Amino acid sequence: MTICNCKKKGAMHVIWGGVAVLMVCLLVSVLLIGCAGKPEKSYLMDGRQLQWDDMNRDQRKRHMRQEVVPLAQAIFQSWRPERFSTVSCFLCHGEGAGIDDFHMPTEHLPRLSGELFLSSEFRNHPDTTRLKLDRLVPGMAEILGKRQFSLITRRGFGCYSCHVGPAGPQFGN
């Protein structure tokens, strides 16, 4: 009986020793992740976060990398994970991203019909159109600090902020 208890105690010491090592590793990992800090954001003198229209080119590029690309990636991957396994500047800006030309709206993206309420787009690509209207446009408007497009004022961030219409840019974009 004494031998049996020793073996059990020895096994328990090994198990608890392994658990202790795992706990220390977990604690160190949490501490290292916490020390990494959040990405640097730009702020105005009064403490408000800098909005898109107030940013210079370098700040805009950093904002795109840290905020816009991750949002676009999450939205598109939730929709078609295999097609959008990697999302980069090229998704929206096309070859312009390779030559540092990020002008929007761009001919790279499909041209929109210009029809009222995007009826042609809903007819031909209902899933894509709904995804962009329900998730992408509101998310991008928020990240860029802009109001969403309004049919009444014909202003704000919307589909034509990225896509051109049948005759080119529309609604002041």
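Please treat every number below as a calculation from the coordinates, not as lab data. Bear in mind the structure is a predicted one, so any value in this text is a computation, not a measurement. Note that we place each Cβ from the backbone using ideal geometry, even for glycine, and neighbour counts take in every protein chain shown.
Numerical summary
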quantity	calculated
Cα-based shape type of the range 73-173, given that a ≥ b ≥ c are square roots of the gyration tensor eigenvalues and the cut on a/c is 1.5	rounded
For Phe157, residues with placed amide H under 5 Å, excluding near neighbours	Arg147, Gln148, Phe149
Per-peptide average of other Cβ atoms within 10 Å, ordering 142-150, 111-119 highest first	142-150, 111-119
Long-range amide H partners of Gln170 with built H, under 5 Å	Gly165
For the range 123-130, 3J(HN,Hα) per residue [Karplus equation, 6.51 cos²θ - 1.76 cosθ + 1.60, θ = phi - 60°, Hz, x = Gly/Pro]	5, 8, 9, x, 5, 5, 5, 5
Three-way shape call for the range 50-101 based on the alpha-carbon gyration tensor, with the a/c threshold at 1.5	oblate
